[in-house]
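The values are calculated or read from the model by the stated rules, or taken from the named source; none is laboratory data. Since this is a predicted model, take the numbers as computed values, not measurements. Note that each Cβ is placed from the backbone with ideal geometry, even for glycine, and that neighbours are counted across all protein chains shown. For accessibility, only protein heavy atoms count, side chains too; no ligands or nucleic acids. Shrake-Rupley method; radii C 1.70, N 1.55, O 1.52, S 1.80 Å.
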Amino acid sequence: MLYKKHVHAITTDNGQKFAYHGKIAKDLDVKIDFAYPYFSC
């Protein structure tokens with residue numbers, strides 16, 4: 001992984017495409033944060 005040294009953290013939405021976030025975090029040795037959508041009421 002050539003880009004591993006450039007990635008420090010990942011912020012994602014709550015979509016299914018990040019279902020393997022645990023494996024991604026382990027493989028890249030990074031912290032993954034999930035964004036909470038803002039709803040103006």
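Structure values in brief
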| read-out | value |
| --- | --- |
| Given (1) at pLDDT 90 or above; (2) surrounded by 10 or more Cβ atoms within 10 Å (Cβ to Cβ); (3) not hydroxyl-bearing (S, T, Y), index of the condition K23 fails | (2) |
| Filter result (open to solvent by 70 Å² or more (accessible area, probe 1.4 Å) and assigned to a helix (DSSP H, G or I)) within the range 1-20 | K4, K5, H6, Q16, K17 |
| Single residue of the range 26-41 satisfying the filter (assigned to a loop (DSSP other than H, G, I, E, B) and among the aromatic types (F, W, Y)) that is surrounded by the most Cβ atoms within 10 Å (Cβ to Cβ) | Y36 |
